[in-house]
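The values are calculated or read from the model by the stated rules, or taken from the named source; none is laboratory data. What you see is a predicted model, and the numbers here were worked out from it, not measured in a lab. In this analysis, Cβ positions are derived from the backbone assuming ideal geometry, glycine residues included, and neighbour counts consider all displayed protein chains.
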């Protein structure tokens with residue numbers, strides 16, 4: 001079987017710290033990351049979606065983790081066409097990002113391309129300590145529910161991948177049109193033709209952002225993100241949205257799917273995003289045991 005890495009989306013959540021998952025002596029940010037990295041070979045960083053990272057922060061992550069540890073990085077919200085608070089931009093870019101209207105939140109279409117270029121450049125520059133150390137995993141492009149299948153949107157995905165190269169991106173959709181019965185093959189063929197990893201998702205169904213749990217590898221890297229099955233998926237409460245524990249039966253089913261997926265890729269990464277208390281960490285360890293990792 002090809003290499004399989006399992007991890008979780010983050011390691012700093014307050015409810016995780018309060019859950020008792022960390023040993024009592026892991027009582028500082030450094031000790032918590034070192035402990036987390038002793039338990040899992042990878043982590044997904046979601047804070048980079050909310051604000052551009054700092055190079056010193058990435059250097060700290062590099063220094064506190066083993067040589068083979070991998071950080072998958074969620075792309076900044078502006079890059080995936082989500083609404084972005086102007087205050088999340090670097091201070092010297094805020095006035096230009098807000099434009100003449102002085103908006104507090106902006107979309108990519110609102111921002112001067114030169115400002116967006118600066119944001120991309122700073123995003124990549126901040127991640128250099130990880131890239132140079134061989135610890136930069138894939139950059140997650142999670143597109144919003146208002147990003148349907150279209151030629152223009154395909155072109156934008158390719159443009160993001162080309163901008164990021166030689167760094168690797170991966171693609172997660174939240175608009176159902178990409179994965180309808182009629183469009184599923186077209187979507188997977190498009191990604192495969194550009195060697196772009198498709199992010200398989202397990203998530204609640206029946207919502208406008210729901211994507212079916214299609215398991216497919218479209219490059220040498222395969223990814224799965226496990227969001228749980230909360231019946232309050234659209235809640236603004238993190239506890240309600242992600243407070244879901246996978247059952248043994250669900251994990252058995254996913255162990256079989258991940259094993260099959262790994263047959264089609266050189267490396268497979270599974271990220272548990274049911275990040276409330278220690279649910280993600282416990283479920284990731286349970287799945288690892290089922291996979292014999």
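Scanning segment 133-148 for residues that are over 14 Å from residue 198 (Cα atoms) and touching a helix residue (DSSP H, G or I) at 6+ places or on another chain (Cβ under 8 Å) gives 133, 135, 136, 144, 147, 148.
Exactly one residue out of 171, 215 is in a strand (DSSP E or B), surrounded by 15 or more Cβ atoms within 10 Å (Cβ to Cβ), under 17 Å from the mean Cα position of the chain (by Cα) and modelled with pLDDT of 95 or more, and it is 171. Considering 8, 48, 65, the condition of being modelled with pLDDT of 95 or more, closer than 30 Å to residue 152 by Cα and crowded, with 17+ Cβ neighbours inside 10 Å is satisfied by 48 alone. Restricting attention to segment 85-108, the residues that are without any contact (Cβ under 8 Å) to a residue 24 or more places away in the chain, on the phi < 0 side of the Ramachandran plot, surrounded by 14 or more Cβ atoms within 10 Å (Cβ to Cβ) and in contact with a strand residue (DSSP E or B) (Cβ under 8 Å, 6 or more places away or on another chain) add up to 5. For the criterion of being in a helix (DSSP H, G or I), surrounded by fewer than 19 Cβ atoms within 10 Å (Cβ to Cβ), under 19 Å from the mean Cα position of the chain (by Cα) and on the phi < 0 side of the Ramachandran plot, residue 15 fails.
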